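Working notes, beginning with the structure itself.
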Amino acid sequence: MAGTGNEVFAYSNPLAGLDDEAIRDQLEQAVKPAPDKATDIQLDAGQLSLLKQSVAHLEKVQKLVGHGNFALLGFDQMLSYARNYPAVGEFSRAELDFFERVFETDAHQYGFMGEKVIARLTENIRDHATIKVPYTGNYLYRDASLQLYRRLKKDVGEDLVLTSGIRGVVKQLYLFLAKAVETRGDLALASHSLAPPGYSFHGIGDFDVGKRNLGYANFTAEFADTDVFERLVQLGYVDIRYTDGNKLGVRYEPWHIKVI
């Protein structure tokens with residue numbers, strides 16, 4: 001992808017300083033290229049440089065507001081923090097154009113065939129519609145998501161834990177960019193492991209669960225071999241959005257709970 005003005009970018013960073021979701025993506029099993037993609041979408045050296053710069057800037061925002069608040073942060077809120085806190089500093093025009101191109105690019109170009117569920121880069125999560133789940137560091141929507149999580153805890157037992165909740169556009173943008181640097185700028189490969197911004201159902205209600213004390217293995221196929229997952233299946237709760245062998249260009253995610 002040479003500089004046409006319509007390209008997209010991405011980034012991955014060192015383990016130190018990352019939150020749990022970013023760490024887990026570094027430690028999980030290696031992913032395969034999406035089966036339907038015809039060619040890789042690879043960034044050149046100049047684009048990678050801007051990518052790394054942009055993600056480092058996003059990390060400053062996350063450090064300022066905290067991991068939990070970062071998950072709910074809106075794009076305009078992020079820009080406000082950047083303007084008002086010297087420790088963050090304003091985003092450059094090049095960075096802002098870059099973020100917009102990332103968000104506006106049709107992810108089908110990557111071989112990611114899921115639907116786009118958030119239409120605007122500046123779409124906000126309403127704080128009053130969310131609740132922080134105790135002892136998890138994650139937020140859920142108060143309506144269907146919270147009700148489903150509570151039913152799961154009651155019926156499956158205390159070994160079931162919430163491992164990832166709401167992710168706003170900014171958080172998903174950061175995670176996708178981080179994953180793409182990890183893949184050395186291969187955006188198609190990055191999208192096979194992590195939904196591009198606007199395409200994550202974590203923004204509208206879905207959440208991830210795991211087994212207590214299983215750690216990062218909760219984000220691998222190993223979770224499907226646990227008694228917690230078996231119990232979810234037996235009770236009829238499992239409606240996996242990204243099934244094994246799915247045609248959406250997304251890896252198998254037995255831990256991802258689909259909220260209707």
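The values are calculated or read from the model by the stated rules, or taken from the named source; none is laboratory data. Being a predicted model, the structure only gives us computed values, none of them experimental. Because the Cβ atoms are built from the backbone with ideal geometry, glycine has one as well, and the counts that use them run over all protein chains shown. These accessible areas exclude ligands, DNA and RNA; they are computed on the full protein's heavy atoms, side chains included. Shrake-Rupley method; radii C 1.70, N 1.55, O 1.52, S 1.80 Å.
Report the calculated FRET efficiency for His128 and Glu90 (r = Cβ-Cβ distance, R0 = 30 Å), to the nearest 0.05. That pair, His128 with Glu90, gives E of 0.55.
Annotation: amide H of Ser164 within the under-5 Å range of Asp208, sequence separation 5 or more or interchain, hydrogens built in the peptide plane. Ligands, DNA and RNA excluded, the heavy atoms of Asp76 present near 80 Å² of accessible surface to a 1.4 Å solvent probe. Dividing the Cα radius of gyration of the range 90-138 by its Kirkwood radius returns 1.10 for Rg/Rh. For Asp186, the residues whose amide H sits under 5 Å from its own are Leu43, ignoring neighbours fewer than 5 places away on the same chain, with H placed 1.01 Å from N. Hydrodynamic analysis of the range 56-210 uses the Kirkwood radius over alpha carbon pairs. Inserted into Stokes-Einstein at 10 °C and 1.306 mPa s, it gives a translational diffusion coefficient of 97 µm²/s.
With each label modelled as a point 7 angstrom along the Cα→C-beta vector, the Leu64-Arg150 pair spans 3.6 nm. Cross-link pairs exceeding 30 Å in C-alpha to C-alpha distance, out of Lys116/Lys154; Lys52/Lys211; Lys63/Lys179, comprise Lys116/Lys154; Lys52/Lys211.
Only protein atoms count toward the accessible area here, which uses a 1.4 Å probe; on the range 32-138, the carbon and sulfur part of that area reaches 50 percent. Average 1/r across all pairs of distinct alpha carbons in the range 119-215, invert it, and you get the Kirkwood radius: 14.6 Å.
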